[in-house]
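A.B. asks: Got a structure for you, written out below as structure tokens; questions coming shortly.
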Amino acid sequence: MFLISMRFGQGIGNQLWLLATGLYLSKKYKRKLVVKNMKWFLGEKIVSKELLSYISEWSPDLYKFNWVTFNDHFFQELNSNRACHLPLTENTFEILNNFEYVYLDGNFQSFNLIPNADVLKKFFINKTYKFNREFKQNECILNIRGGDYLGVTKSPAVPFEYWYKMVEYLRKNKQVDTFYIVTDDYKYSKILFPKFKILKGTMEDDYFSILNAKNLILSNSSFSIFPSYLNSKAKIIIAPKYCDPFLLGNKKIMWGSPTNIYPFMQYFDWHNN
């Protein structure tokens with residue numbers, strides 16, 4: 001068995017990463033996927049019934065097994081002494097064949113360790129969700145992360161210049177002239193772009209807006225990863241380079257983690273490179 005656990009206060013993006021990694025490994029090694037603390041899962045209206053029937057919920061009788069914890073956050077970089085994620089590949093997990101009951105504890109945000117898009121569409125898109133927004137080829141959605149991404153040490157996490165320059169880039173080079181915002185922070189978004197319309201709604205509405213957009217400018221947030229990856233209509237998907245939650249303090253200009261580079265995105269810095 002593989003076990004993952006939802007945590008109180010954990011964002012839906014991190015929860016979906018855990019589920020995607022658990023799905024991949026459970027299928028690869030033909031083991032049951034058990035999920036603990038489903039009461040804290042935020043995505044019941046986002047995911048499909050197939051996913052909820054595929055997983056098994058934790059039950060007290062599972063305490064009797066000897067669970068071995070596997071974490072993705074073991075190593076340090078020599079040049080910075082900062083912790084970094086494992087260079088996660090399939091071979092990373094071959095050691096798990098030695099253990100019958102494995103608790104996956106970490107972020108595991110590696111594109112190498114998730115099912116392909118066809119499998120994820122089956123699990124991470126609730127086709128019964130009522131979503132009525134339609135988008136045109138000349139329209140773009142900005143997914144602006146505010147809320148807990150604003151604060152003393154990261155205020156804001158993504159520099160203003162990134163948003164302004166990417167909007168200008170699409171206007172000048174890609175014939176995109178209409179911009180909408182989906183966000184967790186209406187007040188902050190209005191400060192950034194007072195004239196852009198905010199598509200207000202639920203978290204699920206924001207997820208499906210990203211899933212159906214024709215063009216996307218994203219923040220460095222895991223919330224947007226899966227809906228943008230599963231978006232088969234988007235012409236352009238732009239994300240901030242380095243993907244570090246502390247971008248303003250990223251003096252050495254290095255990636256938050258090498259696993260945070262996703263092949264379906266274009267990465268731009270705030271100098272328009």
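A.B. asks: Considering (1) surrounded by fewer than 18 Cβ atoms within 10 Å (Cβ to Cβ); (2) touching a strand residue (DSSP E or B) at 6+ places or on another chain (Cβ under 9 Å), say which one GLY9 fails and leave the rest.
C.D. replies: The single condition GLY9 does not satisfy is (2).
A.B. asks: So ASN79 fits all but one of (1) modelled with pLDDT of 75 or more; (2) farther than 17 Å from ARG7 by Cβ; (3) surrounded by fewer than 13 Cβ atoms within 10 Å (Cβ to Cβ); what number is the exception?
C.D. replies: Result: ASN79 passes all but (1).
A.B. asks: Given the options LYS165, LYS127, LYS136, name the one that is under 26 Å from GLU50 (Cβ atoms) and of a type outside the set (A, V, I, L, M).
C.D. replies: LYS127
A.B. asks: Quick one: how many residues across region 15-57 are among the aromatic types (Phe, Trp, Tyr), part of a loop (DSSP other than H, G, I, E, B) and open to solvent by less than 10 Å² (accessible area, probe 1.4 Å)?
C.D. replies: Residues meeting the conditions: 0.
A.B. asks: Okay, moving on. VAL176 passes all but one of (1) more than 30 Å from SER26 (Cα to Cα); (2) surrounded by fewer than 21 Cβ atoms within 10 Å (Cβ to Cβ); (3) in contact (Cβ under 8 Å) with a residue 24 or more places away in the chain; which number fails?
C.D. replies: Among (1) more than 30 Å from SER26 (Cα to Cα); (2) surrounded by fewer than 21 Cβ atoms within 10 Å (Cβ to Cβ); (3) in contact (Cβ under 8 Å) with a residue 24 or more places away in the chain, the lone unmet condition for VAL176 is (2).
A.B. asks: Return the only residue of ILE191, ILE114 being modelled with pLDDT of 90 or more, open to solvent by less than 20 Å² (accessible area, probe 1.4 Å) and within 29 Å of GLN10 (Cβ to Cβ).
C.D. replies: Every option except ILE114 fails the conditions.
A.B. asks: Another question, if that's okay. With respect to VAL152, is the statement that it is closer than 28 Å to GLN10 by Cβ and either buried (at least 16 other Cβ atoms within 10 Å of the Cβ) or modelled with pLDDT under 95 (or both) true?
C.D. replies: Considered against the rule, which asks whether it is closer than 28 Å to GLN10 by Cβ and either buried (at least 16 other Cβ atoms within 10 Å of the Cβ) or modelled with pLDDT under 95 (or both), VAL152 comes out as yes.
The values are calculated or read from the model by the stated rules, or taken from the named source; none is laboratory data. Everything numeric in this text was worked out from a predicted model, so none of it was measured. As a convention, Cβ positions derive from the backbone with ideal geometry for all residues, glycine included, and neighbour counts pool all protein chains shown. Just so you know, the surface numbers come from the protein's heavy atoms only, side chains and all, with ligands and any DNA or RNA stripped out. Shrake-Rupley method; radii C 1.70, N 1.55, O 1.52, S 1.80 Å.
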